[in-house]
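Each remark here refers to the structure printed beneath this line.
The values are calculated or read from the model by the stated rules, or taken from the named source; none is laboratory data. As the structure is a prediction and not an experimental result, all values here were calculated from the model. Note: ideal-geometry Cβ built from the backbone for every residue, glycine included; neighbour counts use all protein chains shown. Heads up: the accessible areas ignore ligands, DNA and RNA and are worked out on the full protein's heavy atoms, side chains in. Shrake-Rupley method; radii C 1.70, N 1.55, O 1.52, S 1.80 Å.
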Amino acid sequence: MKYFLVIAALFVCSAIKAEEKQVTSPNGKITVTISDKDGQPSYSITHNGTPFITSSPLGLVTNIGDFSKEMSLGQEVRSSVIDETYTLPNIKQSNVHYVATEAVYQFSKQEKVIYDVIFRVTDRDVAFRYKMYPQKNTLSCVIKQEATGFVLPDGSTTFLCPQSKPMGGFARTSPSYETPYRADDSMGKNGWGEGYTFPCLFRNGDKGWILISETGVDSKYCGSRLLGHENGLYTIGFPQEGEMNGNGTTSPGLALPGETPWRTITLGETLAPIVETTVAFDVVKPLYAASRKYEYGRGSWSWIIGMDGSTKYEEQLRYIDFSAAMGYQSLLVDALWDTQIGYDKIEKLAKYGTEKGVALYLWYNSNGYWNDAPQTPRGIMDNTIARRKEMKWMQSIGIRGIKVDFLGGDKQVTMQMYEDILADANEYGLLVIFHGCTLPRGWERMYPNYASSEAVLASENLHFSQGSCDNEAFNACLHPFIRNTVGSMDFGGSALNKYYNATNAPRGSRRITSDVFALATAVMFQSPVQHFALAPNNLTDAPEWAIGFMKEVPTTWDEVRFIDGYPGKYAVMARRHGDKWYIAGVSAQKETVKLKITLPMFAPGNQVRVFSDNEELQGSVKPVKVNKKQELQLTIPCNGGILIVE
Ligand code: CA
């Protein structure tokens with residue numbers, strides 16, 4: 001009897017005592033600790049013993065219960081090793097070998113199992129999501145709030161862009177992930193009052209870097225943002241009430257059992273894990289099969305230099321000829337083609353393009369009831385019946401893809417629309433580009449006909465204002481570490497015009513970056529479909545070496561490597577296409593950047609072409625022989641670039 005009492009006492013003790021479990025990365029350097037101390041589900045992350053995320057909350061508040069407190073962590077942990085390879089031609093790396101430790105932690109409340117938290121840990125990323133279980137006869141719930149948070153170590157600095165308020169900006173089209181970044185900022189702020197858009201970059205003092213984002217968001221959830229609080233805490237925030245003109249709920253509904261999107265944390269001592277991570281694609285799966293083999297590639301578009309007035313039949317003919325002269329595969333026909341060209345003449349253009357080997361992308365306005373953007377065609381992409389009829393017509397005349405603009409928000413109803421447009425477009429063999437839109441979250445793998453998204457202050461702003469031109473290099477030095485590292489970025493840049501107008505005359509906004517800078521960003525900015533901001537006049541008014549490189553630059557890549565850089569100051573990276581390496585860099589730093597870099601990808605004795613700028617930003621290309629140490633000295637002046645190609 002006495003013996004039994006001791007056992008019982010031990011049992012009670014262990015039920016009250018906090019559980020703590022750990023999972024480590026395959027190389028043992030990253031450790032995640034999961035706990036239920038004081039009934040609060042939490043986790044923390046160290047790298048080589050150094051804290052990168054300190055004790056941070058987990059949990060869900062739902063309409064069937066508050067599962068963010070009074071929770072207990074189960075004894076049993078299901079742990080396994082994931083080792084798989086996949087091929088994805090439209091991201092930074094075509095073949096990915098994914099090795100991760102998966103560990104599943106079960107959380108209960110009052111003896112009832114509520115959810116698992118599933119962790120996947122690689123040598124550079126921690127990803128986790130919740131799997132919520134049915135409760136008796138309850139097979140559905142609404143997630144009112146996530147307790148999910150990220151506490152950054154004291155003294156961390158931030159590289160963030162604010163979420164804008166809903167129904168603001170041009171024709172009430174915001175939020176559309178088009179806000180300016182602040183680099184090296186302190187913690188404890190909350191953007192413009194509405195938090196920050198993913199991905200979010202943090203510098204852990206001199207100990208390393210942390211990128212927080214999310215992936216796997218589809219019609220089964222909403223897109224989220226990061227809300228800033230005191231003491232280094234950032235939490236998952238749901239969409240704002242006013243998005244989509246107030247229609248649709250901010251709280252995602254979940255059928256049970258059901259899984260939330262993945263929250264991802266990429267970390268390391270250098271920026272290499274951040275630039276090279278594939279976590280956004282590793283943890284998601286294709287949601288349907290491709291209906292055809294999709295062809296990516298390069299193209300031109302008149303709108304970026306000529307604006308709305310250039311969407312005319314004759315001008316588009318001229319740009320088809322230009323695309324053909326560049327060896328490009330497409331032409332993007334932008335807004336107002338339905339009235340300024342007309343459906344019949346679009347068919348003629350498509351036919352002419354086919355003869356020249358140039359396929360068309362057509363622009364559409366997504367609205368709809370959610371903004372006032374007047375550009376047409378409108379009222380087609382928001383509606384299943386009209387959309388499918390239109391897509392059938394496009395398929396019949398050989399249109400390659402669509403660019404859908406002005407989508408406003410991250411609510412579940414908006415995610416449903418993204419998914420419906422993508423799924424319908426796949427049935428008609430069309431690629432899809434989104435503009436004025438949210439961040440793609442794993443979509444390159446989830447939706448095989450997804451091409452690219454804007455979700456950045458893109459090239460249009462260079463046309464709109466001198467201030468954007470003045471900041472072009474600063475922004476270009478951020479994208480490889482933030483926006484573009486988690487998803488394809490349709491920037492539409494690499495202009496070789498000196499001025500953003502159709503005659504390249506000295507008026508309007510002036511490009512202050514160099515020609516080598518333009519070439520370097522064509523390599524640095526990753527998107528499998530690129531419509532460059534080049535114009536037919538560049539065939540004669542741009543340097544021959546510049547237009548020559550724009551004819552050879554690829555848009556799909558097999559590998560990426562971080563070389564050097566600091567967000568907002570300068571960036572140097574390498575991309576491989578087939579067996580050919582492209583090293584590209586740009587600088588926004590006042591003083592000329594001088595670097596000695598090692599390039600093991602070039603054999604000693606090999607000759608490479610080095611495109612570089614002098615202090616006056618005049619570019620040139622020179623042959624250079626790779627020395628025995630495979631080292632090269634580089635200089636990049638402010639607003640200039642560097643490019644090294646075999
Ligand atoms: Ca835009």
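Averaging over every viewing direction, what projected area does the convex hull of the Cα atoms of region 237-284 cover, in nm²?
5.4 nm²
Normalised by the residues of the chain, what does the relative contact order come to in percent, with Cα pairs under 8 Å and at least six apart?
11 percent
7 Å from Cα along Cα→Cβ at both Thr138 and Tyr313: what's the point-to-point distance in nm?
6.3 nm
Over region 366-515, what number does the Rg to Rh ratio reach, with both radii from the alpha-carbon atoms and Rh per Kirkwood?
Ratio of gyration radius to Kirkwood radius: 1.01.
Treating the angle as unsigned and between 0 and 90°, give the value, to the nearest 10°, between the Cα long axis of helix 412-427 and the longest Cα principal axis of the chain.
So the inclination is approximately 50 degrees.
To the nearest 0.05, what FRET efficiency results for Trp192 and Glu259 with a Förster distance of 30 Å applied to their C-beta separation?
Plugging the Cβ-Cβ distance into 1/(1 + (r/R0)^6) gives 0.40.
Scaled to the compact-protein estimate 2.2 N^0.38 Å, what is the alpha-carbon radius of gyration of region 166-247, rounded to two decimal places?
1.20
By how many degrees, 0 to 90 and rounded to 10, does the Cα axis of helix 343-356 deviate from the longest principal axis of the chain?
Once rounded, the angle reads 80 degrees.
Can you give me the three principal axis dimensions of the chain from its C-alpha atoms, in Å, biggest first?
Sorted from largest, the Cα extents of the chain read 97, 63, 41 Å.
Can you run phi through the Karplus equation (6.51, -1.76, 1.60; θ = phi - 60°) for region 207-218 and list ³J(HN,Hα) in whole Hz, with x for Gly and Pro?
8, x, 10, 9, 10, 10, 8, 9, 8, x, 7, 9
On full extension of the chain, what length is gained from Tyr288 through Tyr343, given 0.36 nm per residue of separation minus the C-alpha to C-alpha distance?
16.7 nm
So what's the back-of-envelope 222 nm ellipticity for the chain, counting only DSSP H runs of four-plus at -39500 (n - 2.57) apiece and dividing by all residues, rounded to 500?
-5500 deg cm²/dmol
Once you have the alpha carbon radius of gyration of region 297-556, what is it after dividing by 2.2 N^0.38 Å, with N set to its residue count?
After normalising by residue count via 2.2 N^0.38 Å, the value is 0.95.
Using only the Cα atoms of region 528-646, what are the Rg and Dmax in Å?
14.5, 42
Residues of region 317-341 with the amide nitrogen closer than 19 Å to a label point 7 Å from the Cα of Asn383, along Cα-to-Cβ, please.
336-339
Would you work out which of Ser330, Trp301, Asn471 lies farthest towards the positive end of the dipole of region 297-556? Charges go on Cβ: Lys and Arg +1, Asp and Glu -1.
With unit charges placed on the Cβ atoms, the residue in question is Ser330.
Which percentage, to the nearest 5, of the DSSP beta bridges contained in the chain is antiparallel? Mind showing how you got there, number by number?
Details: 126 of 150 bridges.
Around 85 percent antiparallel, to the nearest 5.
For Trp209, what accessible surface area do you get with a 1.4 Å probe? Give it in Å², rounded to 10.
20 Å²
Relative to the longest principal axis of the C-alpha atoms of the chain, give the angle of the C-alpha long axis of helix 515-524, reported between 0 and 90° and rounded to the nearest 10°.
Computed tilt is about 40 degrees.
Over region 427-578, what portion of Cα pair distances is larger than 28 Å, expressed as a whole percent?
Beyond 28 Å sits 19 percent of the P(r) for region 427-578.
Kindly rank 150-160, 371-381 from highest to lowest mean number of other beta carbons found within 10 Å of each residue.
150-160, 371-381
Under a no-solvent Debye model with one identical scatterer per Cα of region 344-391, what's log10 I(q)/I(0) at q = 0.15, 0.16, 0.17 Å⁻¹?
-0.51, -0.57, -0.62
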